[in-house]
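Visitor: Sharing a structure, written as structure tokens. Questions coming.
The values are calculated or read from the model by the stated rules, or taken from the named source; none is laboratory data. Everything numeric in this text was worked out from a predicted model, so none of it was measured. Here the Cβ positions follow ideal geometry from the backbone for every residue, glycine too, while neighbour counts run over all protein chains shown.
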Amino acid sequence: MGTLTPARPAAGAGGVAPRTRWVSSPEGGRAARPVWRWRELGLVLIVLVPLLSGTVLLSAVWGRSLADPRFWPLYGFSALLPLCHFVLLARRFRGSQVLLPLVGSLAGIGLLLITRLAPTLSARQLIWALSGCVVMLAVAVGPWETRLLERYKYTYAAAGIALVALTLVFGIDPNGSGMRLWLGTPALSFQPSEILKVLLVVFFAGYLVDKRELLKAKQLHWGPLRLPPLPYLAPLLAMWGLSLLLLIWQRDLGAALLFFGVFLIMLYVAVGRAWYVLAGVALFLAGGAICYLFFAHVRLRVELWLNPWVDPLGRSYQIAQALYAAGSGGLWGVGLGQGYPLYVPAVYTDFPFMALAEEGGLASALALLLLYALLVGCGLQIALRARLPFDRLLATGLTAVLGLQTLVIVGGNLKVIPLTGVTLPFVSYGGSSLLANFLIVGILLRLSHEEAARPLALPAASP
Amino acid sequence: MERQIQRVGMFFLLSFVVLSGAAGYWQAWRGPALAVAPGNPRVLEAERRAQRGPILDRAGRPLVQSEDGRRTTATPITAHVTGYFSYRYGRTGIERANNEVLSGREGVPPLARLLRDLSGAPRRGGTVQLTIDSQLQAVADRALGDVRGAVVVIDVRTGAVLVALSKPYFDTARVDELWPGLSQNEARPLYNRVSQGLYVPGSTFKLVTAAAALDTGLLRPSTQVSDPTGETVIDGFRITDAERPPRPTFDFAHALAWSSNVVFAQVGVQLGEERLRDYAGRFGMGRQIPFELETSPTSVSRTAPMSRILLASTAFGQGELLMSPLQMALVGAAIARDGDVPRPFVVQEVRRPSGAVLARTQPATLGRATTPGTAAQLREMMALAVEEGFGRAAAVPGVRVGGKTGTAQSVPGLPDHSWFVGIAPVERPRLAIVVLKEFSGWGAEEAAPVARQVLERALQAVP
């Protein structure tokens, strides 16, 4: 509802915002009794159970001692999670107690799967998870303010556009995927689109909060259609253009779908008009249709999606093998370490969901989907509890990034939509993705903390 | 804004429900079919992982074993008994007949099977122990030399097949790579000459004619017959002996020893078609011999009723007769055991993966061919053939051997097939032997010496 718009101290209006004391100077309340987080601790310990039992299972199946170095990353992660909890505790964090156990379980499942699928990569993944947790905690309890995000929105947008431009010009393809989506050197590279998705959400949130009244209010009547003033349609069209650019130039259908979808969701939440969403979907479909007609690689993608069995040994080998894997898993799976998920090319980046579906069966696949659904629910709850429009929009957008990315990759895995190359949040192997997703969770934690720490008596003046 | 966020939540919830449905579709609904689809590499992996059981000879020497999911062979000489096991070309021989036990699908107690399936442990197959004596088979292989042909040795007291050699043979472990050469070779190495080979029996068939004549009371061994010129004419067709008997008149026993076609042609005509067919059938001809390996049914004549000349030529082993070495060995074995036809077998024992005996073949009979008296007379006549007749080359020092040679027309322009069927010792027979050498000439010179070499060793090996 657009009516609930609490007054917020004008940025840079001289006076210190009352809430900043609560946020960035926790020592102010040190005299108060500690803020125990028993629920979080309990959930974290519960998360460790499947993680460690999975480790025992793998050691039994492989006939390797539990002290084998390939299991060390799993022990490291099992220690990391409670550590994160205690850091939050020490910093008198008062936000969501569910978010950390949720992402911990997802990242734990991811690490377990990577240990199973590519033991040599699990140590690297742990390092990325460790870095991700540091980022997450720094963002969640570090001395800064979310207002900074709102204030410098155009800077972030510029940074994002610069990233895209850099990738277009200097992009490399370190792992032979055929798409130049990485920046850096082959040894140490990162995927700008992962950072870009966070920057774009921050920018959208700031921009839409600024312009939402205008986008909502003024409308041009054009027959039965009500169009907003054309200048304000510009962001919609710009975003559409960016998505198509990604799709055509970078062949990155996943990122295009993700960015555009997140943008539509945020636009809808900000302006409250379903019309925008419909128009956006229509635009995207039209753009997709044009691409289908004019670009062979898009056509190929769609054809393989519609019929993966037409060439199961050639172009549709990957999706066909993935479906064999899931089908062989059945209801209860063949058991961790006992299937053949490695027949699926790039299984630990593109198809970890299918590897879990094979070895853990439909039961595990549904459990994983449930975890993601809970993550989305948790994020949206933080959005609902936030009182400032920017915070709401930001939380919704960040949650939508995680949720949509999951839908896009799992939907592609399960042949609901054409397959794209985005990662499964927290589970897929990949440092950039892990870092960006932990950053998102850090911001969500920060938002939930600020809300909980804010005095309830804050005047909620209606305009 | 609140309502929009809630709707975004609903969108994600619905999407996750759709994805769950898709996972259920691929894993529960399509799963069972995908798990066994021909393109699914797991089907082959399961077979490879399964530890297929070994095939042993009668002394427990391994003939075929599994190593790293591949079949390995100790010797190629038992190729046609063990048969081959190929993912591409199927199974033959014992690999086919006892596939369920060897693969571990059968012969595993229900509880052990349940535990195995739950733990995902690979299947282990049971053991098949054969009646074949691989050392004796090697002796037969050397004795037969580098020709196409077959050697069968049966323990007449049980029906156990001790030697079943078919040449040319091949390495069954390499059947996949050898296949093009094997399947197109005009020597037909894939086919088991022992039980599938059908040949004109030549004079060895005179045993069946003699059995009918003696058993019906038409003649006795001492009945005087005459063959003064070595030839006769029936219905305008000239019948000649391969070698004219040394005396113009002699008894019926010598007619067999000297293999007089003239005498047997007349005996056949006097017996008539019905009695000749009856006795051939009593020995097992014309029906499928119950046997673990692939067999071809033998036959007396496709023409019915037979003309006099056809009946006459059938009686001395030409005509339209089609005989397999195994069937001929049964004729010898029946004579050796007082007229009772044993059921031949090559599987001595089938054992569970644990080593416990699952089944042991019990000797059985296929029925009675002649009275014990007739069989005793035939044994003496066979002894005479070795002592005074054409079978002299089969004589083993210190042991009375009975036998009958045969020389059968093969293809016009090529040497004849050479046969020998023998029993030993005549007084209390233990063994029946058949030697067939394709395109090699005279039975007395070619097949009989092979039989002697094999019998010498076999009599020592089988007390």
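Visitor: Which of the residues belonging to region A:307-324 are facing chain B (nearest Cβ under 8 Å) and within 29 Å of the chain's Cα centre (by Cα)?
Guide: Hits for region A:307-324 are A:Ala320, A:Gln321, A:Leu323, A:Tyr324.
Visitor: While we're on this one: Got a number for residues in region B:187-229 being of a type in the set (Ser, Thr, Tyr) and under 25 Å from the mean Cα position of the chain (by Cα)?
Guide: Applying the first criterion (of a type in the set (Ser, Thr, Tyr)) to region B:187-229 yields B:191, B:195, B:199, B:203-204, B:209, B:216, B:222-223, B:226, B:229.
Restricting the remaining residues to those that are under 25 Å from the mean Cα position of the chain (by Cα) gives B:191, B:195, B:199, B:203-204, B:209.
Looking only at that region, the number is 6.
Visitor: In region B:378-395, which residues are modelled with pLDDT under 90 and not basic (Lys, Arg)?
Guide: If we filter region B:378-395 for residues that are modelled with pLDDT under 90, which is where we start, we get B:388-395.
Residues satisfying the conditions are B:Glu388, B:Gly389, B:Phe390, B:Gly391, B:Ala393, B:Ala394, B:Ala395.
Visitor: One residue is enough: does region A:263-274 have a residue meeting the conditions under 30 Å from B:Pro41 (Cβ atoms) and more than 9 Å from chain B (Cβ to nearest Cβ)? Give the steps one after another, and end with the answer.
Guide: Narrowing region A:263-274 to residues under 30 Å from B:Pro41 (Cβ atoms): none.
No, the conditions are met nowhere in region A:263-274.
Visitor: Would you confirm whether or not region A:137-153 contains a residue that is crowded, with 22+ Cβ neighbours inside 10 Å, over 19 Å from A:Ala453 (Cβ atoms) and at pLDDT 90 or above?
Guide: no
Visitor: Could you run through region B:356-406 and say how many residues are surrounded by fewer than 17 Cβ atoms within 10 Å (Cβ to Cβ) and part of a loop (DSSP other than H, G, I, E, B)?
Guide: Residues in region B:356-406 being surrounded by fewer than 17 Cβ atoms within 10 Å (Cβ to Cβ) and part of a loop (DSSP other than H, G, I, E, B): 8 in total.
Visitor: Criterion first (in contact with a helix residue (DSSP H, G or I) (Cβ under 9 Å, 6 or more places away or on another chain), outside any loop (DSSP other than H, G, I, E, B), under 20 Å from B:Ala451 (Cβ atoms) and modelled with pLDDT under 95) does B:Ser203 satisfy it? If you could, list the steps in order and put the result at the bottom.
Guide: Numbers: in contact with a helix residue (DSSP H, G or I) (Cβ under 9 Å, 6 or more places away or on another chain): yes; outside any loop (DSSP other than H, G, I, E, B): yes; under 20 Å from B:Ala451 (Cβ atoms): yes; modelled with pLDDT under 95: yes.
Yes: the conditions hold for B:Ser203.
Visitor: Which residue out of A:Leu183, A:Leu199 is in a strand (DSSP E or B), at pLDDT 65 or above, under 23 Å from the mean Cα position of the chain (by Cα) and surrounded by 14 or more Cβ atoms within 10 Å (Cβ to Cβ)?
Guide: Details: A:Leu199 fails: in a strand (DSSP E or B).
Within the list A:Leu183, A:Leu199, the selection yields A:Leu183.
Visitor: Now, a different point. Just checking, does region A:349-359 include any residue being crowded, with 24+ Cβ neighbours inside 10 Å, within 10 Å of chain B (Cβ to nearest Cβ) and farther than 26 Å from A:Leu313 by Cβ?
Guide: Looking through region A:349-359, none of the residues is crowded, with 24+ Cβ neighbours inside 10 Å, within 10 Å of chain B (Cβ to nearest Cβ) and farther than 26 Å from A:Leu313 by Cβ.
Visitor: Does any residue of region B:9-22 turn out to be hydroxyl-bearing (Ser, Thr, Tyr), at the interface with chain A (Cβ under 7 Å from one of its Cβ atoms) and farther than 30 Å from B:Val194 by Cα? Walk me through how you get there before you give the answer.
Guide: In the first step, residues of region B:9-22 are kept if they are hydroxyl-bearing (Ser, Thr, Tyr); the result is B:15, B:20.
Next cut, at the interface with chain A (Cβ under 7 Å from one of its Cβ atoms) only: B:15, B:20.
Restricting the remaining residues to those that are farther than 30 Å from B:Val194 by Cα gives B:15, B:20.
Looking through region B:9-22, at least one residue is hydroxyl-bearing (Ser, Thr, Tyr), at the interface with chain A (Cβ under 7 Å from one of its Cβ atoms) and farther than 30 Å from B:Val194 by Cα.
Visitor: Within region A:128-170, count every residue that is assigned to a helix (DSSP H, G or I) and in contact (Cβ under 8 Å) with a residue 24 or more places away in the chain. Before the answer, list the steps.
Guide: Filtering region A:128-170 for residues assigned to a helix (DSSP H, G or I) gives A:128-141, A:147-151, A:153-170.
When the remaining residues are screened for being in contact (Cβ under 8 Å) with a residue 24 or more places away in the chain, the result is A:128-133, A:135-141, A:147, A:149-151, A:153-154, A:156-157, A:159-160, A:163-164, A:166-168.
Adding up the residues that qualify gives 28.
Visitor: Here's something else I'd like to know. Residue by residue through region A:270-291, note down the ones that are in a helix (DSSP H, G or I) and surrounded by 16 or more Cβ atoms within 10 Å (Cβ to Cβ). Walk me through it before giving the result.
Guide: The initial filter retains those residues of region A:270-291 that are in a helix (DSSP H, G or I), namely A:270-271, A:274-291.
Those that are in a helix (DSSP H, G or I) and surrounded by 16 or more Cβ atoms within 10 Å (Cβ to Cβ): A:Ala270, A:Val271, A:Tyr276, A:Val277, A:Ala279, A:Gly280, A:Leu283, A:Phe284, A:Gly287, A:Gly288, A:Cys291.
Visitor: Within region B:87-107, restricting attention to residues that are in a helix (DSSP H, G or I) and under 17 Å from B:Gln51 (Cα atoms), which residue is nearest to the chain's Cα centre (by Cα)?
Guide: First pass over region B:87-107, keeping only residues in a helix (DSSP H, G or I): B:93-97, B:99-103.
Still in the running and under 17 Å from B:Gln51 (Cα atoms): B:94-96, B:99-103.
Values: B:Ile94: 12, B:Glu95: 15, B:Arg96: 15, B:Asn99: 18, B:Glu100: 21, B:Val101: 21, B:Leu102: 21, B:Ser103: 23 Å.
It comes out as B:Ile94.
Visitor: If you scan region A:325-348, which residues turn out to be buried (at least 22 other Cβ atoms within 10 Å of the Cβ), within 9 Å of chain B (Cβ to nearest Cβ) and of a type in the set (A, V, I, L, M, F, W, C)?
Guide: Within region A:325-348, A:Ala325, A:Ala326 meet the criteria.
Visitor: Do you know which residues across region B:109-133 are surrounded by 22 or more Cβ atoms within 10 Å (Cβ to Cβ) and touching a helix residue (DSSP H, G or I) at 6+ places or on another chain (Cβ under 7 Å)?
Guide: Passing the criteria: B:Gly125, B:Gly126, B:Val128, B:Leu130, B:Ile132, B:Asp133.
Visitor: Could you tell me whether region A:111-123 includes any residue that is within 22 Å of the chain's Cα centre (by Cα), among the charged types (D, E, K, R) and assigned to a helix (DSSP H, G or I)?
Guide: No, there is no match, as no residue in region A:111-123 is within 22 Å of the chain's Cα centre (by Cα), among the charged types (D, E, K, R) and assigned to a helix (DSSP H, G or I).
Visitor: Right, here's the next one. If you take the residues in region B:23-32 that are facing chain A (nearest Cβ under 7 Å) and of a type in the set (A, V, I, L, M, F, W, C), which one is farthest from A:Thr406 (Cα to Cα)?
Guide: That would be B:Ala28.
Visitor: Restricting attention to region B:337-352, which residues are touching a Gly at 6+ places or on another chain (Cβ under 8 Å) and buried (at least 20 other Cβ atoms within 10 Å of the Cβ)?
Guide: B:Val341, B:Pro342, B:Pro344, B:Phe345, B:Val350, B:Arg351, B:Arg352 - these are the residues of region B:337-352 that are touching a Gly at 6+ places or on another chain (Cβ under 8 Å) and buried (at least 20 other Cβ atoms within 10 Å of the Cβ).
Visitor: Additional query: Mind counting the residues in region B:20-60 that are in contact (Cβ under 8 Å) with a residue 40 or more places away in the chain, touching a Ser or Thr at 6+ places or on another chain (Cβ under 9 Å) and not basic (Lys, Arg)?
Guide: Final tally of qualifying residues: 9.
Visitor: I'd like to verify a number: residues in region A:400-439 that are away from chain B (no Cβ under 11 Å) and on the phi < 0 side of the Ramachandran plot, how many?
Guide: From region A:400-439, those away from chain B (no Cβ under 11 Å) are A:401, A:405, A:418-439; that's our starting set.
Right, trim to on the phi < 0 side of the Ramachandran plot and you get A:401, A:405, A:418-425, A:427-429, A:431-439.
Selection size over region A:400-439: 22.
Visitor: So, one more: Restricting attention to region A:389-398, which residues are closer than 19 Å to A:Ala255 by Cα and at the interface with chain B (Cβ under 8 Å from one of its Cβ atoms)?
Guide: The one that is closer than 19 Å to A:Ala255 by Cα and at the interface with chain B (Cβ under 8 Å from one of its Cβ atoms): A:Thr396.
Visitor: Would it be correct to say that A:Trp72 is assigned to a loop (DSSP other than H, G, I, E, B), hydrophobic (A, V, I, L, M, F, W, C) and either loosely packed, with under 14 Cβ neighbours inside 10 Å or at pLDDT 90 or above (or both)?
Guide: Values: assigned to a loop (DSSP other than H, G, I, E, B): no; hydrophobic (A, V, I, L, M, F, W, C): yes; either loosely packed, with under 14 Cβ neighbours inside 10 Å or at pLDDT 90 or above (or both): yes.
Answer is no for this residue.
Visitor: While we're here: With the requirement that a residue be out of contact with any helix residue (DSSP H, G or I) (no Cβ under 6 Å at 6 or more places or on another chain) and within 7 Å of chain A (Cβ to nearest Cβ), what does region B:34-46 give you?
Guide: Matches in region B:34-46: B:Ala37, B:Gly39, B:Glu45.
Visitor: Among the numbered criteria (1) without any contact (Cβ under 8 Å) to a residue 24 or more places away in the chain; (2) out of contact with any Gly (no Cβ under 7 Å at 6 or more places or on another chain); (3) within 27 Å of B:Ala334 (Cβ to Cβ), which one does B:Asp241 miss?
Guide: Every condition holds for B:Asp241 apart from (2).
Visitor: Now for a different question. Report whether or not B:Arg157 is among the basic types (Lys, Arg), farther than 16 Å from B:Gln51 by Cα and outside any helix (DSSP H, G or I).
Guide: Details: among the basic types (Lys, Arg): yes; farther than 16 Å from B:Gln51 by Cα: yes; outside any helix (DSSP H, G or I): yes.
Yes: the conditions hold for B:Arg157.
Visitor: Okay, moving on. Mind checking which residues of region B:414-451 are touching a helix residue (DSSP H, G or I) at 6+ places or on another chain (Cβ under 6 Å), without any contact (Cβ under 8 Å) to a residue 60 or more places away in the chain and assigned to a loop (DSSP other than H, G, I, E, B)?
Guide: Scanning region B:414-451 gives a single hit, B:Val426.
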